Amino acid sequence: MLKLGLLIALGSALTMNLAFFYKFRGAQSAPRVDLRHPFATAIALWRSKWFAIGMVVGLIAWGMHVAALTIAPLSLVQAVVASGVALVAVMADKIFGFKVGARQWWGLALTAIGLALLALTMPSTVGHYASYSGAQMAIFEAVLLAVGVVLIVGPRAAGARSEHHGIALAAAAGIMFGACNVSVKALTGIIPDAGLIGLLSAPGAVALLASIGAFYASARSLQLGEAVAVIGITGTASSITCVAGGILVFGDPMPADLLGILVQAVAFALVIVASALIPSSRAAHSVA
């Protein structure tokens, strides 16, 4: 069952990348995201054909992700999902016709290596590890949402350039997607016993709040930033958030030996450094 869960997770990663490229195409032609008019903004985005297609494809990918979470540990599922980051540049260049700079190729490749190291050093486990401490969950989710809000508001208040604000929004969206996934993982342990009433629990409320915030932050980031950078940063931020959530909230096991711990520390550092390479020095343009 564990192998099946990881295979589903890989399919989710590929499908989610496809969804983001469709949403990028649609967001570029949609009216500016304006949180002063959230309902009108959401309707306008859904009226954009490509954005709507991207949302539907994204929902399919998310469903696959949830299926994987029900049968495999969160950190391991997210490490596999994160491997899709390596394919962002390939899909952008070969399928969607975006120019990808050497710096971005290196950034995405190093990110994938770092995330792969995390996956390879995770101890072999079975089960879905949906048990957790309510206090740890509350603190973890509160910190994530606070960081997300700072990333959304901070750059704009500081007068940052639009492309820099786009990257910050992409990071915020990824963190909020991660917060949503951590909450969904908790729900996989609640719903079997409580039924659908479990959706009204604290994790259900956080999942809803985080997904709404991620929707608007991601859509605006796709309007301000360039495709490869925004999609890559969103995926990386989400992956790191979920791996951390698996370890800190659900107790997914860490390596027991010093070498494994050192490799994971290097892997996290590599991902952080590589993420700085993903934003290009100038916007990439479609050549399709």
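Miscellaneous remarks
- Pairs where the first residue, in segment 218-236, is within 15 Å of K99 (Cβ to Cβ) and the second is surrounded by fewer than 24 Cβ atoms within 10 Å (Cβ to Cβ) and among the charged types (D, E, K, R), C-beta under 6 Å, 6+ apart: G225/E163
- From the options L196, L209, L259, residue that is within 27 Å of A42 (Cβ to Cβ), at pLDDT below 85 and surrounded by fewer than 20 Cβ atoms within 10 Å (Cβ to Cβ): L196
- Single unsatisfied condition, Y129 versus (1) under 21 Å from A205 (Cα atoms); (2) surrounded by 18 or more Cβ atoms within 10 Å (Cβ to Cβ); (3) modelled with pLDDT of 75 or more: (3)
- Verdict on T236 being in a helix (DSSP H, G or I), more than 30 Å from Q28 (Cβ to Cβ) and at pLDDT below 85: no
- Candidate set: segment 212-253, residues that are closer than 17 Å to L270 by Cα and either among the hydroxyl-bearing types (S, T, Y) or more than 15 Å from the chain's Cα centre (by Cα) (or both); chosen: the one surrounded by the most Cβ atoms within 10 Å (Cβ to Cβ): T234
- Taken together, the residues in segment 30-48 that are without any contact (Cβ under 8 Å) to a residue 60 or more places away in the chain, part of a helix (DSSP H, G or I) and surrounded by 13 or more Cβ atoms within 10 Å (Cβ to Cβ) amount to 2.
- No other residue among A68, A13 is in a helix (DSSP H, G or I), in contact with a helix residue (DSSP H, G or I) (Cβ under 7 Å, 6 or more places away or on another chain) and over 20 Å from T121 (Cα atoms) apart from A13.
The values are calculated or read from the model by the stated rules, or taken from the named source; none is laboratory data. Just so it is clear, the model here is predicted, and its values are computed rather than measured. Here Cβ is always computed from backbone atoms with ideal geometry, including for glycine, and neighbour counts include all displayed protein chains.
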